[in-house]
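Take a look at the structure below.
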Amino acid sequence: GQQLNQSPQSMFIQEGEDVSMNCTSSSIFNTWLWYKQDPGEGPVLLIALYKAGELTSNGRLTAQFGITRKDSFLNISASIPSDVGIYFCAGSPYNFNKFYFGSGTKLNVKP
Amino acid sequence: GAVVSQHPSRVICKSGTSVKIECRSLDFQATTMFWYRQFPKQSLMLMATSNEGSKATYEQGVEKDKFLINHASLTLSTLTVTSAHPEDSSFYICSTFPATWGNTEAFFGQGTRLTVV
């Protein structure tokens, strides 16, 4: 399958700090998605990106689709305790929604 | 967003038995569904692509005879783990998207926690 490298693997931050995580792929993707997963639950979509260079925000979250189409980043500003969870990037090299997932970034926020 | 329902949410079975997991699209038709497996503290790994009315396509390394997939209707795909063993214990998640939406995001079911004892 496709190789997706996500970093960092985990983060420990203080409430109010900004966070950044990124994903790179070995091949070109047509779609990048960012998900958050809570324990025992399925992933919940945060942001979807469909176009190279696209910068999209969802509240305190901002994500960008890299110009090379091989990378994407997610920023969380002014973190709060409920941001705790595992964040996954997912990319699709095709046009029929078959996604490959990054290894995840575990975010811990200290109140 | 679109709603995808997965059942059961948890199942415990004895080694050697088979378990069926259902994935339904509740308010749209889904010609394609995807099945993922997630081991503890790991990422989601795509297992197979389920196509309505035709055979599923399996990712490399996934045994098609062990993980039987049936996509008999536009709203239902099932994954059957046959002759389950403890190493099959995992979190199984399906995803799909409305057939009319084209290239867009994937919506996920709630997942099924399978424990084989």
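The values are calculated or read from the model by the stated rules, or taken from the named source; none is laboratory data. Computed from a prediction, not measured in an experiment: that's the story for all the values here. Here the Cβ positions follow ideal geometry from the backbone for every residue, glycine too, while neighbour counts run over all protein chains shown.
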Practice problem: Determine whether residue A:96 is aromatic (Phe, Trp, Tyr), outside any strand (DSSP E or B), at pLDDT 90 or above and over 12 Å from the mean Cα position of the chain (by Cα). | Solution: no
Quiz prompt | Condition broken by residue B:29, with the remaining ones in (1) closer than 22 Å to residue B:90 by Cα; (2) outside any strand (DSSP E or B) satisfied | solution = (1)
Self-check item: Hits in segment A:68-89 (condition: crowded, with 21+ Cβ neighbours inside 10 Å and among the aliphatic types (A, V, I, L, M))
Solution: A:74, A:76
Quiz item: Within segment A:1-34, restricting attention to residues that are more than 10 Å from every other protein chain (Cβ to nearest Cβ), farther than 30 Å from residue A:81 by Cβ and not in a strand (DSSP E or B), which residue is modelled with the lowest pLDDT?
Solution: A:3
Quiz item: How about segment A:48-58: which of its residues are within 14 Å of chain B (Cβ to nearest Cβ), surrounded by fewer than 16 Cβ atoms within 10 Å (Cβ to Cβ) and in a strand (DSSP E or B)?
Solution: A:58
Quiz item: Can you list the strands (runs of 3 or more DSSP E) found entirely within segment B:62-117 that contain at least 3 residues being in contact (Cβ under 8 Å) with a residue 60 or more places away in the chain?
Solution: B:90-96, B:112-116
Self-check item: Only listed residue being out of contact with any helix residue (DSSP H, G or I) (no Cβ under 7 Å at 6 or more places or on another chain), within 14 Å of chain B (Cβ to nearest Cβ) and closer than 24 Å to residue B:38 by Cβ, chosen from A:45, A:61, A:74
Solution: A:45
Exercise. Determine the pairs where a residue that is more than 16 Å from residue B:82 (Cβ to Cβ) and in contact (Cβ under 8 Å) with a residue 40 or more places away in the chain, located within segment B:9-38, has a partner that is part of a strand (DSSP E or B) and charged (D, E, K, R) with Cβ atoms under 6 Å apart, the partner being 6 or more residues away or on another chain.
Key: B:10/B:113
Quiz item: Could we say that residue B:41 is without any contact (Cβ under 8 Å) to a residue 12 or more places away in the chain, within 13 Å of chain A (Cβ to nearest Cβ) and not in a strand (DSSP E or B) here?
Solution: yes
